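The structure appears below as structure tokens.
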Amino acid sequence: MTDLQKEFQTSFRDAMASCAAGVHVITTEGSAGRYGITMTAVTPVTDEPPTVMLCINRKARIIPILSENGSLCINTLADEHQDVAEHFAGLTNLSPEERFAYHIWHYGKTGQPEIEGALAHLHGHIVGQHEIGTHFVFYVRLDAIKNCVGKRPALLYFRRQFRSLD
């Protein structure tokens, strides 16, 4: 990569860091095991049928697990879940399995792990995927949606820091 390309990549990353984004923990459990990852690259695609898009770096350890399991839960985090986000982002020294031990989990209708108190739990299955650049893009059709009651603030990621939307 040339210096000009590196500079352009850095400029792109800095620009994207200026876009506030909701924070989610994607969980999957099945024949390939259990795993979770913190993400902000979660985008609605259509509401008929309800479908979202996930963009995950191809080097992420979740890729083969998610691909084999095929099902997942998108846990939309409240601001009180910053520790959850940090654990599943790998910012702490916890192993992937230990990350699940530090929080209260339930299993939704589809059998996928839900973090207690999340603002929403979106359960779905992968209906398509492709690669672009350094990432895999997964299309997830939703099978079950649980919105939590109450008006708690959301956890956001903005300028490379977790923040509260209060």
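The values are calculated or read from the model by the stated rules, or taken from the named source; none is laboratory data. Since this is a predicted model, take the numbers as computed values, not measurements. With ideal geometry, Cβ positions are generated from the backbone for all residues, glycine too; neighbour counts draw on all protein chains shown. The protein model used for the area step is the full one, side chains on, heavy atoms only, and it has no ligands, DNA or RNA in it. Shrake-Rupley method; radii C 1.70, N 1.55, O 1.52, S 1.80 Å.
When you filter the GluC sites (Glu not before Pro) in the stretch 113-166 for DSSP loop state and at most 15 other Cβ atoms inside 10 Å of their Cβ, you are left with 116.
Note on residue 126: accessible area is roughly 40 Å² with a 1.4 Å probe, heavy atoms of protein only. Considering the stretch 70-166 at the alpha-carbon level, its Rg and Dmax are found to be 14.4, 39 Å. In the chain, a dipole from Cβ-located charges (positive for Lys and Arg, negative for Asp and Glu) runs towards its positive end, and of 136, 120, 25 it is 136 whose Cα lies farthest in that direction. Counting only lysines at least 8 places from residue 109 when in the same chain, those with an alpha carbon closer than 26 Å to its own are 146, 151.
Computed about the Cα centre, the dipole magnitude for the stretch 21-165 is approximately 320 debye when only Lys and Arg (+1) and Asp and Glu (-1) carry charge, each at its Cβ. What longest region of the chain stays clear of trypsin sites (Lys or Arg not before Pro) that DSSP places outside H, G, I, E and B and that have at most 14 other Cβ atoms within 10 Å? By the stated rule (loop sites, at most 14 other Cβ atoms within 10 Å), 1-57. Distances between placed amide hydrogens fall under 5 Å for residue 152 paired with no residue 5 or more residues away or on another chain. To put it simply, the accessible area of the chain at a 1.4 Å probe is 53 percent carbon and sulfur.
Shape verdict for the stretch 15-126, please, from the Cα gyration tensor: rounded (a/c under 1.5), prolate (a/b greater than b/c) or oblate. Judged from the Cα gyration tensor, the stretch 15-126 comes out rounded (a/c under 1.5).
Accessible area per residue for the chain, computed on protein heavy atoms with a 1.4 Å probe, is 57 Å².
Computed over the chain, the per-residue total of -39500 (n - 2.57) for DSSP H runs of n ≥ 4 gives a 222 nm mean residue ellipticity of -5500 deg cm²/dmol, rounded to 500.
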